[in-house]
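**Q** Take this structure first; my questions come after.
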Number of protein chains: 4
Amino acid sequence: MTGPCLDFSSDNVTQVAPEIMAAIVEANQGTAHGYGNDPWTEKLTACARDVFECDLAIYPVATGTAANALALAELAAPHCGIYCHESAHIQRDECGAPELFTGGAKLLAVPTADGRLAPQDLVAIQEAAAVRGVHCVKPAVISMSQATEWGTVYTPDQVRALAEFGRAHDLRLHMDGARFANAVAHLGCTAAEASWKLGVDVLSFGATKNGAMGAEAVIFFNRERAQAFEYRRKRGAQLFSKMRFVSAQLLAALQDGLWLRHGRHANAMASRLAQGLQALPGVRLMHEVQANELFVSMPEEAIEALLQDGYSFYRWPAQPGTKTRIIRLVTAWSTREADVDGFLAAAGRHLAGKKVAAF
Amino acid sequence: MTGPCLDFSSDNVTQVAPEIMAAIVEANQGTAHGYGNDPWTEKLTACARDVFECDLAIYPVATGTAANALALAELAAPHCGIYCHESAHIQRDECGAPELFTGGAKLLAVPTADGRLAPQDLVAIQEAAAVRGVHCVKPAVISMSQATEWGTVYTPDQVRALAEFGRAHDLRLHMDGARFANAVAHLGCTAAEASWKLGVDVLSFGATKNGAMGAEAVIFFNRERAQAFEYRRKRGAQLFSKMRFVSAQLLAALQDGLWLRHGRHANAMASRLAQGLQALPGVRLMHEVQANELFVSMPEEAIEALLQDGYSFYRWPAQPGTKTRIIRLVTAWSTREADVDGFLAAAGRHLAGKKVAAF
Amino acid sequence: MTGPCLDFSSDNVTQVAPEIMAAIVEANQGTAHGYGNDPWTEKLTACARDVFECDLAIYPVATGTAANALALAELAAPHCGIYCHESAHIQRDECGAPELFTGGAKLLAVPTADGRLAPQDLVAIQEAAAVRGVHCVKPAVISMSQATEWGTVYTPDQVRALAEFGRAHDLRLHMDGARFANAVAHLGCTAAEASWKLGVDVLSFGATKNGAMGAEAVIFFNRERAQAFEYRRKRGAQLFSKMRFVSAQLLAALQDGLWLRHGRHANAMASRLAQGLQALPGVRLMHEVQANELFVSMPEEAIEALLQDGYSFYRWPAQPGTKTRIIRLVTAWSTREADVDGFLAAAGRHLAGKKVAAF
Amino acid sequence: MTGPCLDFSSDNVTQVAPEIMAAIVEANQGTAHGYGNDPWTEKLTACARDVFECDLAIYPVATGTAANALALAELAAPHCGIYCHESAHIQRDECGAPELFTGGAKLLAVPTADGRLAPQDLVAIQEAAAVRGVHCVKPAVISMSQATEWGTVYTPDQVRALAEFGRAHDLRLHMDGARFANAVAHLGCTAAEASWKLGVDVLSFGATKNGAMGAEAVIFFNRERAQAFEYRRKRGAQLFSKMRFVSAQLLAALQDGLWLRHGRHANAMASRLAQGLQALPGVRLMHEVQANELFVSMPEEAIEALLQDGYSFYRWPAQPGTKTRIIRLVTAWSTREADVDGFLAAAGRHLAGKKVAAF
């Protein structure tokens, strides 16, 4: 065991999990047909169908941005609109990739208080779009992030409500599941119960943050909906000649429940961290901790001292006009209890004697 | 040593070279900042500058299509045209990726007899474009493949002539170097002498076909020319969170000349295959074999018999109106002399007693 | 004189002004070279340079959407962002045309209380973009509407402040001047004083709403900034073969100050309408009336009665959660005092005895 | 009557026909709802259905480029390919507009000897596309020009053969009818017999070259095929607020057969010109004259002398390697017999004593 890990900046700074690295090495046998015509990719499809209990189509891609942008391109024509939360990765963190891959479809970013979308957030804009016709884009998709960008998780009822609203208005439901494993771990349900059984049409299934090297997948639960997807993936420069090495990662993640064990572990570490932080003076959790991200306000002096200690994390924008300092802490499949406890001990030292912050 | 390899279908069906797999495993140490802010990516830049003797910028991407399409997007605005050979990968094998990433720039595909572009092939179309102004796209780039799609290699003078024509007409020179290693190995020159010293502005440097797992790079020899490239790469879904694993592959390929040894070996195997085939009755090489691809005409019965033996290769379209049957054979870094000799022996058996084909 | 005009729905429902129709008929002499190589287009450029006192480039197009989308395409690369007010025409009324013509640049829509953008509205998002680098689009343009979508007009100082903020952050300033004439009429300044002298880089100059048949223009005050514009216009399907008939309209509008007289007249009619409405019980003007649009709240019964009378106008969305009913009334170059007085008399009848609405 | 017209450069240099100008002036009555919700547009649809004997949808746009690019965008998704002749307007004269409006679909330009496409020209490329799958674009459309760019006209059987090939391969048939009137006039059939009865799915119906001011139309013979077209037209900046003035032009052209009389007249003038030229020494017609364009080779001295006389026409690229000089002469609805005879007389003078050119 190596020394303590001080890096809580993201779950994408982590190593490749040993089971997944082993699968990559194992896939390096002889020649294999390119572009997905290989046994690993075939097994991946079979395995994903088992895990999701569904006759789905699964397409490996290299990045979460690729998964989201290609999924949306298949669901939304260029003259269409895509509902999303204003904090969504597709809206704030992908540098316009959805606009590129869709050919200029418009993200209709909706602000909400809790980071989740609900039908009532969309009613007015949907009605306006219907009235205004060709003068504004035609809404075609609801894209939701599960877990959300704020580390919270939609309940099954909340997802189902969005899907029903979607069906009533001819909107497909896309789930950005960069942290799907964390969400399913929190919900304690099956992969199917967290996705298509609730009405999700397409899932961006994340593996990279969860122990893979570089592997995400676009999953269409209704294969009919993916008619042009293989062309789009190729044209989107995401069809790998040596596909087996990407498929092998996803297969290793999905087989034997590794993805879910990783999700549960990361969540457990986040809970441990949250519980410890809540006990410290001057600290406040900005959102309920349901997955593996914590948004924490604490005094600037403590933040600086933690950075001095060598800890790594991002600062987050606070509400305009407030003096609150917010940091984001992310746990991962590889975070150990000792790493968490080390952070808590350090934070405890720096916060000792502080008063509880008033908001 | 495993059994003989019967797969001559492409250099992308091969394994990952052991040095490169070792580098991937080696990179799996502790946490590392994402998106290229890691030591492997930093070392890659330093190493590429050494290898190319140039203060270049190098950007890892996942596929050759991504390298080409993103490079062209940086060089050609949407209202521009890109000269290429009608057999170019960007024209025939990328499903419109250049059109997607450039925002609709137009490939101006030029047929030539020998698979190479030369200034005289472009003069008339360039003059017409100048005369016609806004009624047709504005040519902005010459994209050449080195080695070409037909397994031939431009001489340094041929490249230089294209670059000079380009400079005279405000055209940038892009080199699709999916098989750059094979070309340099054939030319017997340095990487610099095969690229920027001849006037190449941007190189798509291929590693996947040459022993990597999934790693290509876009190299701008003049860093000023890459102003928006990092935005484009992110937006193009090719900025990897765990970049170190892609950079490590490229670093392993470039360090200690592995890329060039691989290129030389693949070429040598192609030469051995060519020499053997030329000695057989009824066989004809369609193009000079200068890199690692052979286009071979032979009687249909022999082709069928080789396929029956378990050999793998692609058929290639013959000239319309002819009865010639053409197959493509590709050697790679991993092809062994025994593999070649096995193929030659089998072909010899099937061709025994054939007359020399008349064309 | 025909009967009273009951149509206050938009300034785009009006006739072509007689001077402009005469110019169209007058242009129908003999043959003329196509695509703008004609005397009318030449004179238009000379005339626009006089009116704006500037060595500008002016490009006729067919619609306001074309003017905006093409102007933005020239200013913003596909990986860029464009600041605008959330009520901007480019954001709400053009069905994604800016996204199409720019190749997917992202509109960064900012809500503000008064319908105008100010530097302080952009500071936080601009700083965030600088920090986040390639993970979000690169802001490149501020697009403002003058007059605004709410019928208000930026003061010269407000425009100058935006331009200065832009210069400090490498942002170009685009003015959507679909109702530029109304704004200049309100400001009582020259065309130059309302545009480039304040730092505006590119103006969408509207004529259709102001008496033309179908003619708008994109004006680059610095011709160097329009390098690719002519290609973009052609490629954007806005280069007319019989250009003279579009140029003649713009020429007639700009010559002898017709455009400004029209703007003044429409504004005067809006003022007259505003004054009359303010005197009526139960009526409230939602915004200051500075150009030719009025947003008016009044009791639903009165609205219904006016519609019964045959009046034409649009309903406007009220603030969510309120019961206020809002209508938009638009005056034009062709609105007569009698038309206004007729509306006021009708409204007066329907509102007689109403109490003043409480908000 | 004015003096002789010396301008044979294009049919787009002509005036607006008096009937069409009268219709524009006539449409300038009172207010009218914008964006096509006006009586003129309604009548246009009814009239077009009469003329084409079909329950079609007709959409006015401003330019032929807009008509083609928007039609193709509706028929071809971004990952698709569009077959066309290498001389097609969409391929050579629209500066990439189809690529812009389709979001990067690829034109598959096919050379043929006579300027027309035939199924046999497409068989090999269609088969290759089927075999290669996602590695190349998916052919979705055949776009043919009727009349062709070389002034020839497809026979009904030739059109039908293309349509049948299309149906067999899931390809829609688009007809670029910038000179549809000339083609129908040549064929001596009805509009229906020249279009949907032969299997044409969508027609770009040209009026501008045929006497309109600036009006083209996209006609979908099967309205189900135009599902997103209205959004695309708006987003493509081709939805006019004062639509009545564009619709009125098309209505005037279609009513009472004006379009066809114009087409017949222009063709007759072209025939007269062709007959006269053929009688002159040293002159050769490069293609059969079936519509209103002539491609004529003649000695350089005569060309120069005609230009000296004040005649206007374009030079055309000759076959590389030949010394032939080629000019294009275009007649129009407004060309008079005296104009033709004047040209013939002048040419006769300059060619007197010349020998017949040897080819």
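The values are calculated or read from the model by the stated rules, or taken from the named source; none is laboratory data. Owing to the predicted nature of the structure, the values given are computational and were not obtained by experimental measurement. Positions of Cβ are backbone-derived with ideal geometry, glycine not excepted, and every protein chain shown enters the neighbour counts.
**Q** Working carefully through the options B:Leu273, B:Leu294, B:Leu306, find the one that is more than 21 Å from B:Glu19 (Cβ to Cβ), over 26 Å from the mean Cα position of the chain (by Cα) and not polar (S, T, N, Q).
**A** B:Leu306
**Q** Show me the helices (runs of 4 or more DSSP H) found entirely inside the range A:64-169 where at least 2 residues are within 14 Å of chain D (Cβ to nearest Cβ).
**A** It comes to A:64-75, A:97-102, A:119-132.
**Q** Shifting gears a bit: Counting just the residues of the range B:61-111 that are of a type in the set (Asp, Glu) and within 22 Å of D:Ile125 (Cα to Cα), which one comes out surrounded by the most Cβ atoms within 10 Å (Cβ to Cβ)?
**A** The residue in question is B:Glu99.
**Q** Next question. Going by the structure shown, is D:Arg223 modelled with pLDDT under 95, away from chain C (no Cβ under 14 Å) and within 23 Å of the chain's Cα centre (by Cα)?
**A** For D:Arg223, the condition - modelled with pLDDT under 95, away from chain C (no Cβ under 14 Å) and within 23 Å of the chain's Cα centre (by Cα) - is met.
**Q** Among the numbered criteria (1) free of Cβ contacts under 8 Å to residues at least 24 places away in the same chain; (2) under 25 Å from D:Tyr154 (Cβ atoms); (3) in contact with a His (Cβ under 9 Å, 6 or more places away or on another chain), which one does D:Val134 miss?
**A** (2) is the only condition that D:Val134 fails.
**Q** Could you tell me whether C:Glu86 is over 30 Å from D:Ala228 (Cα atoms) and not hydrophobic (A, V, I, L, M, F, W, C)?
**A** The answer is no for C:Glu86.
**Q** Of everything in the range D:83-123, what is under 20 Å from B:His79 (Cβ atoms), more than 19 Å from the chain's Cα centre (by Cα) and of a type in the set (Gly, Ala, Ser)? Give them in sequence order.
**A** Once the filter is applied, which keeps residues that are under 20 Å from B:His79 (Cβ atoms), more than 19 Å from the chain's Cα centre (by Cα) and of a type in the set (Gly, Ala, Ser), the range D:83-123 yields D:Gly103, D:Gly104, D:Ala105.
**Q** Within the range A:96-122, track down each residue that is in contact with a helix residue (DSSP H, G or I) (Cβ under 8 Å, 6 or more places away or on another chain) and free of Cβ contacts under 8 Å to residues at least 12 places away in the same chain.
**A** The answer is A:Gly96, A:Glu99.
**Q** Any idea which of (1) at pLDDT below 95; (2) aromatic (Phe, Trp, Tyr); (3) surrounded by 17 or more Cβ atoms within 10 Å (Cβ to Cβ) is the one C:Trp316 doesn't satisfy?
**A** Exception for C:Trp316: condition (3).
**Q** Continuing with the same structure: Report those strands (runs of 3 or more DSSP E) wholly inside the range B:229-341 carrying at least 1 residues which are touching a residue at least 24 places away in the same chain (Cβ under 8 Å), more than 14 Å from chain A (Cβ to nearest Cβ) and touching a Ser or Thr at 6+ places or on another chain (Cβ under 7 Å).
**A** In the range B:229-341, B:293-297, B:326-330 are the strands (runs of 3 or more DSSP E) which contain 1 or more residues that are touching a residue at least 24 places away in the same chain (Cβ under 8 Å), more than 14 Å from chain A (Cβ to nearest Cβ) and touching a Ser or Thr at 6+ places or on another chain (Cβ under 7 Å).
**Q** Moving on. Could you tell me which numbered condition D:Val16 fails, if it satisfies all but one of (1) over 18 Å from the mean Cα position of the chain (by Cα); (2) surrounded by 23 or more Cβ atoms within 10 Å (Cβ to Cβ); (3) at the interface with chain C (Cβ under 10 Å from one of its Cβ atoms)?
**A** Looking at each condition in turn, D:Val16 falls short on (1).
Condition check ((1) of a type in the set (Ser, Thr, Tyr); (2) surrounded by fewer than 19 Cβ atoms within 10 Å (Cβ to Cβ)) across all residues:
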| position | (1), (2) |
| --- | --- |
| B:His265 | no, no |
| B:Ser271 | yes, yes |
| B:Leu280 | no, no |
| B:Val283 | no, no |
| B:Val289 | no, no |
| B:Asn292 | no, no |
| B:Val296 | no, no |
| B:Glu300 | no, yes |
| B:Ile303 | no, no |
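**Q** Is there a residue in the range C:48-57 that is under 19 Å from the mean Cα position of the chain (by Cα), in a helix (DSSP H, G or I) and not aliphatic (A, V, I, L, M)?
**A** Scanning the range C:48-57 turns up at least one residue that is under 19 Å from the mean Cα position of the chain (by Cα), in a helix (DSSP H, G or I) and not aliphatic (A, V, I, L, M).
**Q** Still on this structure: Against the definition (in contact with a helix residue (DSSP H, G or I) (Cβ under 9 Å, 6 or more places away or on another chain) and among the hydrophobic types (A, V, I, L, M, F, W, C)), how does A:Ala67 come out, yes or no?
**A** The answer is no for A:Ala67.
**Q** Among (1) within 30 Å of A:Val134 (Cα to Cα); (2) more than 9 Å from chain C (Cβ to nearest Cβ); (3) not charged (D, E, K, R), which single condition is D:His33 missing?
**A** Unmet condition: (2).
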